[in-house]
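To start, the structure under review is shown below, and the notes come after it.
The values are calculated or read from the model by the stated rules, or taken from the named source; none is laboratory data. Bear in mind the structure is a predicted one, so any value in this text is a computation, not a measurement. All Cβ positions, glycine included, derive from the backbone under ideal geometry; neighbour counts span all protein chains shown. Each accessible area value is taken on the protein alone, full model and side chains, heavy atoms only, with ligands, DNA and RNA left out. Shrake-Rupley method; radii C 1.70, N 1.55, O 1.52, S 1.80 Å.
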Amino acid sequence: MSPDIEAEADDGPFTRVAIVGFGLIGGSIALAARTRWARTRVIAIDRPEVVESALRSGAADEGGGDLSLCAGADLVLLAAPVQTNIRLLCDLPNHLAGPTIVTDVGSTKRQIVESARCLPEHLQFIGGHPLAGASAGGLNAARSDLFADHPWILTVARDPAMERLSRFIQGLGARVHVMTPEEHDVAVAYLSHLPQIVASALMHLVGEHTRERGLALAGRGLRDTTRLASSPADIWRDIVLTNRDNIGPAIDELIQVLAQLKSGTDAIASTFESAARWKRVLDPDREPV
């Protein structure tokens with residue numbers, strides 16, 4: 001390992017990282033950063049019981065419930081639900097006097113990027129969204145390899161802040177992709193938001209219809225299809241509210257496909273063939289079922 005790489009492994013692109021919201025994503029960022037850069041100091045900002053758990057587990061060096069703990073950080077990560085992040089964003093200037101890069105990990109980008117216009121010039125905001133997760137949320141589900149080889153979308157911004165944040169994200173193991181907020185919100189409506197809504201709706205319908213006795217008969221197909229159904233409602237309520245103009249048409253298109261499947265066998269054949277073709281593109285190394 002070269003001296004430069006060794007130095008980065010110890011110090012990292014940022015010396016003091018404040019993470020507001022220490023759940024699955026925020027906690028996993030902390031664990032990955034501490035694994036990659038031994039000298040990077042991590043501050044957890046969340047409810048007392050969450051901060052206590054973060055300190056006890058070694059995921060954070062210090063923490064508390066007040067946004068004033070962001071003072072002195074050279075990177076602030078907003079990892080709360082989307083609308084909470086938007087509210088917190090415009091309060092940050094009260095606590096950050098020096099140059100700071102601010103980013104978020106929310107699943108929608110247009111509203112928070114627009115809200116970032118309230119920030120003074122010394123605070124550089126870059127919208128972010130790691131496309132990684134788990135079937136359960138919370139700090140207990142966090143892990144240091146959560147982002148390994150997963151895409152992490154950043155919104156268009158000025159250098160050198162973009163370059164510095166990209167190095168941090170790549171150090172966590174993720175692959176950086178740059179998009180406009182508008183491009184992002186359209187894409188994730190289909191790639192992320194629709195699959196979550198479908199999984200939750202399907203599990204709701206099947207559970208209400210078959211109850212405990214029927215679910216005892218379920219096989220791998222239902223389990224695989226509804227893996228996302230344990231996701232917390234509060235996070236997804238904010239996502240739907242801030243991307244409803246893209247999610248709504250996606251749901252309408254799905255309803256049309258389901259109506260066609262309901263109406264005849266020709267639609268079944270063409271839809272299943274198309275689905276199998278795109279599944280091979282999505283998972284080229286997966287063995288056929």
Problem set entry | Solvent-accessible area, 1.4 Å probe, carbon plus sulfur percent, for the chain | 55
Exercise. Counting DSSP beta bridges with both partners in the chain, what percentage is antiparallel, nearest 5?
Worked result: 10
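Given an 8 Å cut-off on Cα distances and at least 6 residues of separation, report the relative contact order of the chain as a percent.
15
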Exercise. What residue among Ala79, Ala233, Ala267 shows peak mean-square fluctuation when the chain is described by a Gaussian network model with Cα springs under 10 Å?
Worked result: Ala267
Exercise. Using unit Cβ charges (K, R positive; D, E negative) and no other charged atoms, how large, in debye to the nearest 20, is the dipole of the chain about its Cα centre?
Worked result: 620
Seminar exercise, completed: Which of (i) 1.16; (ii) 0.94; (iii) 1.01 is the computed Rg/Rh (Cα atoms, Kirkwood Rh)? It is (iii)
Exercise. Using a simple spin-label model with points 7 Å from Cα along the Cα→Cβ vector, what separation in nm is obtained for Arg158 and Trp278?
Worked result: 4.0
Seminar exercise, completed: Over the chain, the sum of -39500 (n - 2.57) across DSSP H runs of at least four, divided by residue number and rounded to 500 deg cm²/dmol, gives at 222 nm -15000 deg cm²/dmol
For this session: Keeping all protein chains in place, calculate the accessible area per residue for the chain (probe 1.4 angstrom), answer in Å².
Result: 54
Problem set entry | Length gained when the stretch Arg244-Arg39 is fully extended (0.36 nm per residue, less Cα-Cα span) | 69.6 nm
Problem set entry | Value of relative contact order over region 88-141, rounded to a whole percent, pairs C-alpha under 8 Å and six or more apart | 42
Problem set entry | Helical segments meeting 27 Å axial Cα length and Kyte-Doolittle -1.0 threshold in the chain (DSSP H) | 194-215, 244-263
Exercise. Between Asp145 and Asp266, what FRET efficiency comes out of the Förster formula 1/(1 + (r/R0)^6) with R0 = 45 Å and r the beta carbon distance, rounded to 0.05?
Worked result: 0.50
